[in-house]
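One structure is given below, encoded as structure tokens.
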């Protein structure tokens, strides 16, 4: 299975000319078919990077509040990075992100994590708050991307 392959019946990404349109990505771990909810579900290098931002503190009351949004932010952006790489691109080639949030209060967490993937200026962005997500109530963040493929 391709890393970025969705679990539903749609294309994870579609190329049109020099552009790659990445479908909305949510933080569903395909190996468990479950939505990421904690830092424990992320690889060690992700947790180390998040600690550098002041997340994954080891303090139960802090981590319980922040972990779902922070872990999902990292997971979604890393999945987009993987899809981009499968098509010969990098995150720097992303020219537009559309970011959907169940609750806009999660945006500051996401925005800080996004800085790990875009240390300079981030792509053009749209932020939308939505009332419902699939695949369930635990999904807090969904991101779609437009990536320029300079080939």
Taking residue 139, is it within 14 Å of the chain's Cα centre (by Cα), in a loop (DSSP other than H, G, I, E, B), surrounded by 15 or more Cβ atoms within 10 Å (Cβ to Cβ) and at negative phi? yes
For residue 148, are the conditions met, namely being surrounded by fewer than 20 Cβ atoms within 10 Å (Cβ to Cβ) and closer than 16 Å to residue 12 by Cβ? no
What's the total number of residues in segment 56-106 that are surrounded by 14 or more Cβ atoms within 10 Å (Cβ to Cβ) and either in contact with a strand residue (DSSP E or B) (Cβ under 6 Å, 6 or more places away or on another chain) or closer than 22 Å to residue 129 by Cβ (or both)? 28
So how many residues does segment 107-134 have that are under 18 Å from residue 24 (Cβ atoms), touching a residue at least 24 places away in the same chain (Cβ under 8 Å) and either surrounded by 14 or more Cβ atoms within 10 Å (Cβ to Cβ) or in contact with a strand residue (DSSP E or B) (Cβ under 6 Å, 6 or more places away or on another chain) (or both)? 14
For segment 9-22, which residues satisfy the criterion of being modelled with pLDDT under 95 and either under 22 Å from residue 71 (Cα atoms) or in a helix (DSSP H, G or I) (or both)? 12
Test for residue 92: is it in contact with a helix residue (DSSP H, G or I) (Cβ under 7 Å, 6 or more places away or on another chain), at negative phi and either outside any loop (DSSP other than H, G, I, E, B) or at pLDDT 95 or above (or both): no
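The values are calculated or read from the model by the stated rules, or taken from the named source; none is laboratory data. Remember, it's a predicted structure, so these values are computed and weren't measured experimentally. Neighbour counts are summed over all protein chains in view; Cβ atoms, including those assigned to glycine, are modelled from backbone coordinates with ideal geometry.
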